[in-house]
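Trainee: Got a structure for you, questions after.
Quick note: the coordinates plus some simple rules give every number you see, no bench work behind them. On a predicted model such as this, the values are computed, not experimentally measured, just so you know. Positions of Cβ are generated from backbone atoms using ideal geometry, with glycine treated the same way; all protein chains shown enter the neighbour counts.
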Amino acid sequence: MKYCIALVGFILFGLTTKAQTLQDYIQEAEANNPGIQAFEKRFLIAQEKINEANWLPNTEIGLGYFISEPETRTGAQVARFSTRQMVPWFGTISARQNLADAMAQTDYQDYVIQKRKIALKVARSYYRLYDNRAKQKVLEENIALLQIYEELALTAIEVDKATAVDVLRLQIRQNEIEQKNKMLQESFLAEQAAFNGLLNREKNAEVNFPQLLSLPDRESIELDSLQLNPEILKYDKMYESVAQEERLNQKERNPVFGIGLDYVPVEERPDLVFEDNGKDIVMPMVSMSIPIFNNRFDSKSKQNAMRQQELVFRKQERLIELETALARAISERNEARIIYDMQETNLKRAKDAEEILIKNYETGTIDFNDILDIQELQLKFQMAQISATQAFFRELMLINYLTN
């Protein structure tokens, strides 16, 4: 009987192709997920803004024509051509580029966070699918086991060691398990579609799993590692961008220089002959724009100081939230391990009881009510152990998201 059950399990789940690992699926999601691609484009746009920051004010070009030509000693002025270029204070352009770079680094942290969130979603969906498929396997094994028990009951009826009621009970139990299995199959299809959606591929694409997941050894986790979480680093980058914005503000409160050139063509005077007759006028110009009223810059400095204080508080708040989430995840992971180990012990005892019942059958006595009770207990323990495995890896992935 044991060999028959093992054979059924092998036929159903043993013949698989080389499976993709969870890390393979995560990498596929990182390459194809539209959400990640959108954040990547936003980061690339922010990087391009560094080049955009390298600009000067528009060059001014003017042209004027004298309708009534003013007369000068050297002749009448015909027109006026002018050009002027304003130049910001020394280091202003660099400060502007540094600000753009700091903001790009903030967007990069958003990009990293999005990748980690998608990876966490993929992993959790993957383990839900594993949980579903593993439970299907257990149910199918139990159906096969009940069919064997049904054959034993039919044989026992012939020698008056069982009744038709025993057979009917076994068949009813098979139907109940078959119903649960079909419900799991429907749930699997829905979760499979969600999983493939994260990878941006066909909804019914096959998902491969390991034959059996075993719990890893216990490991210690340092809460200090939360400081390296991108959700925390993002606040540091935002703080730096405000600091760069203040440096730019200090640069912009300085004077702005202007350089230019005026050119005035002059007509020759036909009635006179002298050395500078009709000599054109060329006038280089230098100008300066001084921000005398600094209220705008002073107000912006105060705003930047308050924004930095706000970011410090928001970082502290988020750190507390992550620490709480980490503590809860560690606790629930440990609870899942306890449940897993307890179900392992219970399964061994249930199997011992099953072996005793089988030996009793060999000696001529068997109680099919006891068989159903033991079978139901085994199924309960197996399903609880699978749920504990899924819970363990779900919390483990959250711990990795928070600390790695």
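Trainee: Can you check what the net charge comes to around LEU212, using other residues whose Cβ is under 15 Å from the Cβ of LEU212 (Lys, Arg +1; Asp, Glu -1)?
Mentor: Local charge sum for LEU212: 0.
Trainee: Hey, fewest Cβ within 10 Å first, where do LEU170, LEU326, LEU377 land in order?
Mentor: Fewest to most other Cβ atoms nearby, the residues stand as LEU377, LEU326, LEU170.
Trainee: Calculate, axis by axis, the spread of Cα positions in region 264-404 along the three principal axes, and write the results as whole Å, longest axis first.
Mentor: Projected onto its principal axes, the Cα set of region 264-404 covers 146, 36, 21 Å.
Trainee: Between helix 92-158 and the chain, what is the angle of the helix's C-alpha long axis to the longest principal axis, kept within 0 to 90° and rounded to the nearest 10?
Mentor: With both axes taken from Cα atoms, the answer is about 10 degrees.
Trainee: Go from 0 up to the bin containing the longest alpha carbon distance in the chain, width 20 Å each, and give me the % of pairs per bin.
Mentor: 18, 31, 21, 14, 9, 5, 2, 0
Trainee: Nearest 10 degrees, 0 to 90: what angle lies between the long axis of helix 164-198 and the longest principal axis of the chain (Cα atoms)?
Mentor: That works out to roughly 10 degrees.
Trainee: Next up: Using the Kirkwood radius built from alpha carbon pairs, what does the Stokes-Einstein equation give as D for region 57-199 at 37 °C and 0.692 mPa s, in µm² per second?
Mentor: 136 µm²/s
Trainee: Going by alpha carbons, how many degrees (0 to 90, nearest 10) lie between the helix axis of 22-32 and the longest principal axis of the chain?
Mentor: 30 degrees
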